[in-house]
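The values are calculated or read from the model by the stated rules, or taken from the named source; none is laboratory data. Everything numeric here is computed off the predicted structure, so don't read it as measured data. Because the Cβ atoms are built from the backbone with ideal geometry, glycine has one as well, and the counts that use them run over all protein chains shown.
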Amino acid sequence: MTSSSPSKIENVIIVGSGPAGYTAALYTSRANLEPLVIEGFMWGGLLQQTTEVENYPGFPGGGISGPELMQRFRDQAEDFGTRFITDQATKLELADEPGGVHTVWVGKDAYRARTVILAMGAEHKKLDVPGEEELGGRGVSYCATCDAAFFKQKPTMIVGGGDSAMEEAIFLSKFASKVVVVHRRAEFRASKIMLDRARSIDNIEWLTPYAVAEFVAGEQGGLQVARLRDTETGEERDVEIDGAFIAIGHEPQSHLVAGLVDTDDEGYVITEGRSTRTGRPGVFAAGDLVDHTYRQAVTAAGSGTQAALDAEWYLRDTPEVQTPAGMPEGDLAEAQWASSTADGS
């Protein structure tokens with residue numbers, strides 16, 4: 001649902017959804033900034049792939065499903081006047097000067113705004129093996145912090161060899177009967193201190209050099225077997241498990257702004273200090289798009305709050321540009337008129 005038009009200059013366009021994007025929408029809509037959210041086809045972010053969320057504050061008694069939580073985020077933002085385009089942003093043109101007008105393209109349609117909040121999130125890196133997608137939410141997971149409690153006293157597996165994998169294994173070991181760490185090389189990329197901590201835990205076991213060849217479901221439809229392949233000999237072996245956690249990293253969804261804002265070596269958008277400012281005037285970034293470390297729904301929501309406030313303060317303190325980028329001076333009055341009539345004023 002949207003009432004925007006190509007000639008209208010929005011106060012705020014939010015690119016992306018999930019906890020960061022929808023929280024930014026809630027705050028900016030309550031500030032009467034009438035945000036427009038380009039939420040994508042797969043709106044709601046990674047929580048749409050999560051069955052139960054028990055660690056988001058405010059939901060005692062078993063938590064809430066990921067999709068329902070995101071629906072509530074979205075509904076609350078809409079209650080205050082947020083408009084949505086359920087489609088993919090395909091291109092951005094960002095102004096260089098304070099007060100400039102940015103353009104977000106959705107296919108052939110261009111939407112202009114004085115501020116843009118980037119909230120495209122990050123995706124879990126996947127193994128791309130048979131059974132992985134089919135068993136997502138039924139034994140295959142990408143976040144031990146989120147889902148470990150569902151595997152109390154059950155055999156589980158961590159796939160990965162870096163610090164994140166060790167952190168996941170250590171956390172999971174507090175719940176599972178055992179945790180088998182599978183890594184495709186004999187040597188681990190994890191730091192010595194993290195590796196030593198994991199090795200000191202009795203119910204963590206190690207399988208190297210093995211890679212997952214396939215995940216196999218049991219009769220009840222949930223994960224039952226991880227089929228592994230020795231990366232040196234090709235020998236296969238089956239390991240019976242109830243849960244497998246893939247911990248091989250994340251990919252920030254920053255390709256849309258590559259070359260437009262600063263990113264680090266891994267592709268995460270760089271922000272200034274503790275703010276959400278990107279260094280490009282009027283452009284802010286929030287959520288997993290900027291977060292190497294925590295990647296939790298509650299931290300993403302907090303980041304979305306910061307981005308909304310940063311955008312609001314920018315609009316308060318920055319004079320408007322006199323002419324939209326790329327528009328001749330004589331067309332400005334016509335554009336303003338078209339904007340006012342589109343709003344029904």
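Couple of notes before you dig in:
- So residue 33, is it aliphatic (A, V, I, L, M), part of a loop (DSSP other than H, G, I, E, B) and buried (at least 17 other Cβ atoms within 10 Å of the Cβ): yes
- Condition check for residue 93: among the acidic types (Asp, Glu), surrounded by fewer than 21 Cβ atoms within 10 Å (Cβ to Cβ) and farther than 30 Å from residue 145 by Cα: yes
- Failed item in (1) buried (at least 18 other Cβ atoms within 10 Å of the Cβ); (2) part of a loop (DSSP other than H, G, I, E, B); (3) modelled with pLDDT of 95 or more, with residue 245 passing the rest: (2)
- Verdict on residue 158 being surrounded by fewer than 19 Cβ atoms within 10 Å (Cβ to Cβ), β-branched (Val, Ile, Thr) and in the same structural domain as residue 227 (by TED's automatic domain parsing): no
- Every residue from the stretch 86-112 that is touching a Leu at 6+ places or on another chain (Cβ under 7 Å) and within 17 Å of residue 33 (Cβ to Cβ): 102, 104, 111
- Lone unmet requirement of (1) touching a residue at least 24 places away in the same chain (Cβ under 8 Å); (2) in a loop (DSSP other than H, G, I, E, B) for residue 220: (1)
- Those residues of the stretch 84-141 which are over 30 Å from residue 242 (Cβ atoms), touching a Gly at 6+ places or on another chain (Cβ under 6 Å) and small (Gly, Ala, Ser), in sequence order: 119
- Residue under evaluation residue 230, criteria (1) over 31 Å from the mean Cα position of the chain (by Cα); (2) exposed (fewer than 14 other Cβ atoms within 10 Å of the Cβ), criterion not met: (2)
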